[in-house]
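For reference, the structure I am asking about is given below.
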Amino acid sequence: MLVVETIARIRRAHLVDGKSIKAIARELGLARNTVRRVLRSDATSVVYQRETQPRPQMEAWAEKLEQRLAANEKLPRRERLNLIRIFDGLQNEGFRGGYDAVRRYARARERKRGTGSSDAYVPLSFAPGEAYQFDWSHEVVVLAGATTTVKVAQVRLCHSRMLFVRAYPRETQEMVFDAHEKAFAFFRGTCQRGIYDNMRTAVDAVFVGPERAFNRRFLQMCSHYLVEPTACTPASGWEKGQVENQVKVVRERFFKPRLRFSNIAEMNAWLLEQCVAYARSHPHPECSDSMVWDMFEAERPHLVRYVAPFDGFHSKTASVSKTCLVQFDRNKYSVM
C-alpha cells in the first residue's frame, strides 16, 4: 500500500516537474500501472479495506478453539492457560495455522462478548473534614510589565470541593508553609489528613509501597496543624485527582487570558476573590442542588480547629569555603 509521502512525490513529479510516467516509475521503483492509477484517481491517500477476512486455516478449527477457550475460562485464575499454551495444544492436534490467527480469534471473541480487560478506578469518597489535597502548578503571567512564570499552590477540600489558590515566585519549603498557613486561615480550620505527591520539599525518600521518609521540618508543620501527611504512589495522579482536575479548571478560568498585575500580592488578592466567586456559582459535583460554597459552609464545623501560624523559618548551619563563600538555597554568598 502506498504511503501519503509516495503519492505526494508522484503527483509533484508529474504535475509540477512534468516528468513522464515511465521516468517516475523508474525513479521511485514502482510499476507504471501504479503510477498511472495514482495520477488518474487524484487521491492524496490510499486506504485499503478488506471486505471479508479469510481464515483458511482457522475455519476448520474454530469450534475446537472455542471449546478450549470456554473450558479455560472456567478454571481458577491461577490455573488458566495463556493463548500461547492454547496455541501449542492446537498445534499438537494438527493445527497448521499461525499464532496470530488464534490471537485475532480470541480478541474478536472478547470484543463480541464484552469480556475484554480494561482499567477500572474506584471513586473515592471523603467525609467532612477528612482530607485535603495539595499540588503545585506553573502559570505564565505579566507582573509589572514583565512576563513571569509563577508557581501556584493549589489546595482543595475533598468533601466540599472548596478550592484555594495562591501564587508564589518559587516552590521553596518556606512557600509551602506559607501556602498552608494562608489556606488554613481562609478555611478557618484544617483536615485530619493531607494528600500530596512526592515533592522534594516534603519527601526525602520514597520506599517500596506506601512508606515515605518525610522531611523533618515538613513533619513539624503537619504536627503543628494536627495533619497526617499521605504521599501518593509515583505516577498515580488519580490518587489526588481532585486537585489535578482543579489545576486544569483554574488554568482555563483564572489564568486565560494572561493575567496582568503590578505585583504578586495584588494578583493573589484577585485570585482569592475568584475562588470565592467560583464556589458560590458552581454546583457541587455530587450534590447538584447545593453550591460548592454551601457545602463548604456545612463542612467548616467538622474541620480541625485552626490554632496559629506555623513558624516556617528554617535555621541551618553552613560551612564557609576557602574563598569566603557560603552556599544557601542553591545560592552562594560572600561572608567576612
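Read-outs throughout are calculated quantities, based only on the coordinates presented, and are distinct from any laboratory measurement. Since the model is a prediction, treat every value here as computed from it, not as a measurement. Note that we place each Cβ from the backbone using ideal geometry, even for glycine, and neighbour counts take in every protein chain shown.
Report relative contact order for the range 131-302 in percent, whole number only (criteria: Cα-Cα under 8 Å, sequence separation at least 6).
27
Related question: If you rank Leu303, Leu272, Leu157 by fewest surrounding Cβ atoms within 10 Å, what's the result?
Leu272, Leu303, Leu157
All other residues with a Cβ under 10 Å from the Cβ of Met199 taken together, and with Lys, Arg as +1 and Asp, Glu as -1, what is their net charge?
Neighbourhood net charge equals -2.
Suppose every K and R has +1 on its Cβ and every D and E has -1 on its Cβ; what is the size of the dipole of the range 131-302 about the Cα centre, in Debye to the nearest 20?
400
Let me ask you something else. Based on the Cβ-Cβ distance of Arg260 and Phe186, what FRET efficiency does E = 1/(1 + (r/R0)^6) give at R0 = 30 Å, to the nearest 0.05?
In this case the efficiency is close to 0.80.
Gln67: net charge of surrounding residues, Cβ under 13 Å, Lys/Arg +1, Asp/Glu -1, itself excluded?
For residues surrounding Gln67, the net value is 0.
Longest exposed-loop-site-free stretch of the chain, with chymotrypsin sites (Phe, Trp or Tyr not before Pro), DSSP loop and at most 11 other Cβ within 10 Å?
Between the exposed loop sites, the longest stretch runs 208-312.
In addition: May I have the extent of the alpha carbons of the chain along their three principal axes, as whole Å values ordered from largest to smallest?
Taking the Cα atoms of the chain, the three principal extents are 81, 65, 60 Å.
Scanning the chain for helices, which whole DSSP H stretches are 20 Å or more long along the axis (Cα) and average -1.0 or more by Kyte-Doolittle?
Length and hydropathy pass: 173-187, 264-281.
Using a Förster distance of 35 Å, how high is the FRET efficiency between Ala298 and Val249, based on the Cβ-Cβ distance and rounded to 0.05?
Computed FRET efficiency for Ala298 and Val249 comes out at 0.95.
Among all the aspartates and glutamates, which ones have a C-alpha under 20 Å from Lys332's C-alpha, if same-chain residues fewer than 8 places away are not counted?
Glu171, Glu174
Using a 7 Å offset from the Cα along the Cα-to-Cβ direction at both Glu239 and Tyr99, what is the distance between the two label points in nm, to one decimal?
Each label point lies 7 Å from its Cα, and together they span 3.5 nm.
Right, another one. Points 7 angstrom from Cα along the Cβ direction at Ala43 and Ala31: gap in nanometres?
1.6
For the pairs Lys151/Lys322; Lys64/Lys112; Lys151/Lys248, note any where the Cα-Cα span goes beyond 24 Å.
Lys151/Lys322
Can you give the translational diffusion coefficient of the range 131-302 in µm²/s, computed by Stokes-Einstein from the Kirkwood radius over Cα pairs at 37 °C and 0.692 mPa s?
Result for D is 196 µm²/s.
Could you give the dipole magnitude of the range 65-113 about its Cα centre, charging the beta-carbon of Lys and Arg +1 and that of Asp and Glu -1, in debye to the nearest 20?
About 300 debye.
Roughly how far apart, in whole Å, are the Cα centres of the range 238-259 and the range 170-186?
18
Do any trypsin sites (Lys or Arg not before Pro) in the range 96-193 lie in a DSSP loop with no more than 13 other beta carbon atoms within 10 Å, and if so, which?
Taking the range 96-193 and a limit of 13 other Cβ atoms within 10 Å, the loop trypsin sites (Lys or Arg not before Pro) found are Arg96, Arg170, Arg188.
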